[in-house]
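Input: a single structure, listed below in structure tokens.
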Amino acid sequence: SDSIIAASQKHPTVALEHGQSYKYGTAGFRMKADLLEGVTFRVGLLASLRSRALGGQTIGVMITASHNPAADNGVKIVDPMGEMLEQDWEVLATDLVNSTTHESLAEEYERIAKRFKIDFTSPAKVIYGRDTRPSGHKLVTALAAALTATGTEYVDYKILTTPQLHYLVRATNTEGTPQSYGEVSETGYYKKLADAFARALKGRKINGQLTVDCANGVGGPKLAEFLKYIPQDKVKFDVKVVNDDVLRPEILNLECGADYVKTKQRAPAVTVRHQARTCSFDGDADRLIYYQTDSDKGFIMLDGDRISSLAASFIGDLIQSAGLSDELRIGVVQTAYANGASTNYITSHLRLPVICTPTGVKHLHHVAAGFDVGVYFEANGHGTVLFSNAAVRAFRETTPQSPAQKDALDILLALSELINQTVGDALSDMLMVEVILAHKVWTLQDWATTYTDLPNRLVRVEVKDKDIFKTTDAERRLSHPEGVQELIDQEVKKYKDGRAFARASGTENACRVYAEAATRSEANELADRVARIVK
Ligand code: NG1
Ligand code: ZN
């Protein structure tokens, strides 16, 4: 503990204003980068403890603030199979980071070690990466100091997308086992995706050029690198990479990227041509939004709900063609922010079950893992498709009775390798969308006609104390303050196809109100009325 105290003195935390404390939230610790050095040091201590508590399995640490401004940063822990940190440990992270002195920090560290019967002579291993933010340098120095002080073996993978780090954690922990997830290197990630992409396409042609807006983040250089691995003799993939300047950190996520496109409902100002099939990544390349601008039809946006229903429909059909519909259960997981028209399309048209969970991908991921094929996306474009072991075994081991059945089984197996099984991944999801559009011979317009989004509005409401707003029913209803939900219900009742809810944000100091209704003006009006109730 002397070594921890000594190292901690070099990387102290900053005392927050009166009454405020650090909290491990939906995205780990995320705030202005200059508050994070000591926080990252302490996260390093916890990652080491977590590794030892799990018998020396490798734990990941990712340093990123995703779609947030360049001056922010964040730090989060990745569990051995590439999942988000277990919830009980989020509380431990919060406790450790809020220790007021170096001595109380060391005591807290010992207390956690005792609770999990940790043997300090046993091995611990942590791997880490960061996005392109310049503040990342200082934060990894603090992280490495914690790992050294605790005798933890570590690998610095330098600059990575968030999903690449998740891939590497899982690949490290499964290396040499029958569950091997791929080669333990960034190159291994590209090779796995490129190979699966070519096999999933099965000779189908990709229609025209795809423009990719990389939010001036890590996705730019990584996409360029990936493209080198595509087997040129088998696949023609014409990609135009834009907003890939990572040398000017101040333009990261600035008026571009998936979050900008989704929230502003418009294309990035620069570099996107009319009628080009375009998609946007966010700053750490785990969110994806497709769109096209068109002089007559205006702006067409294909968000997370669209990607989800596209994947569910295509994979559902393949499972049918593969003769596996009686064997494998396929389902879709959404949050309350999913457009009601998408939910209706999936349940009534695709006839698939939809489950709604609270916001935050860890909740969606957990529920999706209960299906053989679990499709989950947040409306903002973060999500993936999970395949159970039974599903992958069926794709591999079923003996096809016809060429069509063989094709379906081959494509399913390739998709289960193409789609990132650990977390939402913009690059992997984009390749999945391109494969599906190529098979269906669909343009973005074709994709957009599957259903019509209900007009909707999301508003951010500044409130005195957001913590008084408590929800039930997957955040669709307020249980507290008492009586408020009844007032919201009375308003919603007045609108055709009306739906609205309010909840405290998990990442910002505010409440969010979402409303949808039959027309744009009604959706706006309903949102305003509910916002007034909450305020
Ligand atoms: P909050 O701030 O709790 O609404 C936001 C997003 C989530 C999720 C998290 C984590 C909306 C409405 N909310 O959560 O979907 O992405 O950030 O980044 O988009
Ligand atoms: Zn992100």
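The values are calculated or read from the model by the stated rules, or taken from the named source; none is laboratory data. Given the structure is predicted, the values throughout are model-derived calculations rather than measurements. Note that each Cβ is placed from the backbone with ideal geometry, even for glycine, and that neighbours are counted across all protein chains shown.
Scanning the stretch 109-132 for residues that are closer than 13 Å to R52 by Cα and aliphatic (A, V, I, L, M) yields I112, A113, I118, A124, V126. Of the residues making up the stretch 385-403, just one is more than 13 Å from I319 (Cβ to Cβ) and aliphatic (A, V, I, L, M), namely L386. Considering only residues in the stretch 390-426 that are of a type in the set (V, I, T) and crowded, with 22+ Cβ neighbours inside 10 Å, the one that is farthest from D286 (Cα to Cα) turns out to be I411.
Residue-level check: of (1) without any contact (Cβ under 8 Å) to a residue 12 or more places away in the chain; (2) not in a strand (DSSP E or B), R529 misses just (1). Of all the residues in the stretch 1-56, those that are of a type in the set (D, E, K, R) and in contact with a helix residue (DSSP H, G or I) (Cβ under 7 Å, 6 or more places away or on another chain) number 5. Figure legend. Inter-residue proximity from the stretch 79-97: first residues of a type in the set (S, T, N, Q), second residues in a helix (DSSP H, G or I), beta-carbon distance below 9 Å, spacing 6+ or different chains. Indicated pairs: Q87/K362.
Which residues, taken from the stretch 309-347, are under 13 Å from T450 (Cβ atoms) and aliphatic (A, V, I, L, M)? Hits for the stretch 309-347 are L310, A311, A312, A341, I346. Restricting the first residue to the stretch 253-276 and requiring it to be of a type in the set (F, W, Y), which pairs with a second residue that is more than 15 Å from ligand 2 (Cβ to nearest atom) meet a Cβ separation below 9 Å and a spacing of at least six or different chains? The qualifying pairs are Y260/L254; Y260/R266; Y260/P268. The residues in the stretch 381-439 that are within 21 Å of K236 (Cα to Cα) and within 16 Å of ligand 1 (Cβ to nearest atom) can be counted, and the count is 2.
The set of residues in the stretch 96-114 that are buried (at least 19 other Cβ atoms within 10 Å of the Cβ) and among the charged types (D, E, K, R) contains only E108. Listed by position, the helices (runs of 4 or more DSSP H) enclosed by the stretch 23-142 that each have at least 3 residues that are under 25 Å from the mean Cα position of the chain (by Cα) are 37-53, 87-97. If you go through the stretch 438-458 one residue at a time, do you hit one that is modelled with pLDDT under 95, aliphatic (A, V, I, L, M) and more than 23 Å from A311 (Cβ to Cβ)? Yes: the stretch 438-458 contains one or more residues that are modelled with pLDDT under 95, aliphatic (A, V, I, L, M) and more than 23 Å from A311 (Cβ to Cβ). Here is the figure for the stretch 279-299: residues that are at pLDDT below 90 and either near ligand 2 (Cβ under 7 Å from one of its atoms) or not in a strand (DSSP E or B) (or both) total 3. Going through (1) of a type outside the set (K, R); (2) within 16 Å of ligand 1 (Cβ to nearest atom); (3) buried (at least 20 other Cβ atoms within 10 Å of the Cβ) one by one, Q265 falls short only on (3). Among the residues making up the stretch 4-63, those that are of a type in the set (G, A, S), at pLDDT below 95 and more than 16 Å from ligand 1 (Cβ to nearest atom) are A15, G19, S21.
For the stretch 250-278, the set of residues classified as within 16 Å of ligand 2 (Cβ to nearest atom) and closer than 18 Å to D131 by Cα consists of L252, N253, L254, C256, G257, A258, D259, listed by residue number.
On the basis of being over 17 Å from G360 (Cα atoms) and either away from ligand 2 (no atom under 16 Å from the Cβ) or touching a strand residue (DSSP E or B) at 6+ places or on another chain (Cβ under 8 Å) (or both), does T507 make the cut? So T507 fails the test.
Can you name the residue in the stretch 189-224 that is aliphatic (A, V, I, L, M) and more than 30 Å from D407 (Cβ to Cβ) and is also surrounded by the most Cβ atoms within 10 Å (Cβ to Cβ) among such residues? Among those residues, the one meeting the criterion is A215.
Checking each residue in the stretch 449-504 for being touching a His at 6+ places or on another chain (Cβ under 8 Å) and among the aliphatic types (A, V, I, L, M) picks out only I468. From the list A518, A502, A523, the one residue that fits, being over 22 Å from A27 (Cα atoms) and crowded, with 19+ Cβ neighbours inside 10 Å, is A523. Of the residues making up the stretch 5-30, those that are more than 16 Å from ligand 2 (Cβ to nearest atom) and buried (at least 20 other Cβ atoms within 10 Å of the Cβ) are A7, S8, H11, T13, Y22, Y24.
Suppose the filter is of a type outside the set (S, T, N, Q), at positive phi and not assigned by TED's automatic domain parsing to the domain that holds E378; does K202 pass it? Against the criterion (of a type outside the set (S, T, N, Q), at positive phi and not assigned by TED's automatic domain parsing to the domain that holds E378), K202 qualifies. Within the stretch 359-375, if we keep just the residues that are of a type outside the set (V, I, T) and closer than 26 Å to P178 by Cβ, the residue that is farthest from ligand 1 (Cβ to nearest atom) turns out to be D372. Annotation note: Cβ proximity below 6 Å between a residue of the stretch 179-204 that is closer than 27 Å to I127 by Cα and a residue that is among the aromatic types (F, W, Y) and assigned to a helix (DSSP H, G or I) (sequence gap 6+ or interchain) occurs for Y189/Y167; Y190/F226. Considering only residues in the stretch 236-261 that are farther than 27 Å from D195 by Cβ and in contact with an Asp or Glu (Cβ under 6 Å, 6 or more places away or on another chain), the one that is surrounded by the fewest Cβ atoms within 10 Å (Cβ to Cβ) turns out to be D259.
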